[in-house]
Amino acid sequence: MSNSFVARFVGGSPTAVVVRLIVVSFVVGFLLDAFGFDPATLFQDAARMARHLVENGFADLRQFGRNLLTGAIIVVPVWIVLRLLDAGRSR
C-alpha cells in the first residue's frame with residue numbers, strides 16, 4: 001500500500017519520476033545557461049523581488065486602509081440613515 005501511495009503521489013514509479021526530473025532539470029538548466037542566467041543571479045533577483053514586494057505591499061496595504069476608511073466615513077452613515085428610513089416605512 002505504501003508503494004502505491006507513493007506512486008500515486010509522485011505521478012508514477014518513483015525511479016521513473018526521478019529520472020524525468022533529472023532530464024528536465026538538465027534541459028532547463030542548459031537553456032537558462034544559454035541565455036546567461038546562473039543560480040546566484042536568480043536567487044539574488046528572487047530575494048530582491050521578494051523584498052520589493054514586501055516593502056511596496058505594506059505601503060499598498062496602508063493606502064488600501066486609508067481608502068477604506070475614507071469611503072466608510074461616507075458609506076456607513078448613509079447606510080445607517082437608509083436602514084432607519086426603511087425601518088420606519090415597513091411599520
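The values are calculated or read from the model by the stated rules, or taken from the named source; none is laboratory data. Please read all numbers here as calculations on a predicted model, not as lab measurements. Positions of Cβ are backbone-derived with ideal geometry, glycine not excepted, and every protein chain shown enters the neighbour counts. In case anyone asks, the SASA skips ligands and DNA or RNA and just uses the protein heavy atoms, side chains included. Shrake-Rupley method; radii C 1.70, N 1.55, O 1.52, S 1.80 Å.
Considering only region 76-90, state which residues are modelled with pLDDT of 85 or more and either in contact with a Lys or Arg (Cβ under 6 Å, 6 or more places away or on another chain) or open to solvent by 90 Å² or more (accessible area, probe 1.4 Å) (or both). Can you show your working first?
Taking region 76-90 as the starting set, the residues that turn out to be modelled with pLDDT of 85 or more are 76-86.
Across region 76-90, the qualifying residues are 79, 82, 83, 84, 85.
Quick check on region 41-56: of everything there that is charged (D, E, K, R) and surrounded by fewer than 11 Cβ atoms within 10 Å (Cβ to Cβ), which residue is nearest to residue 29 (Cα to Cα)? Break it down into steps so the answer makes sense when it comes.
Here is the first cut: in region 41-56, the residues charged (D, E, K, R) are 45, 48, 51, 55.
Then drop every residue that is not surrounded by fewer than 11 Cβ atoms within 10 Å (Cβ to Cβ), which leaves 48, 51, 55.
Numbers: 48: 22, 51: 25, 55: 31 Å.
Among those residues, the one meeting the criterion is 48.
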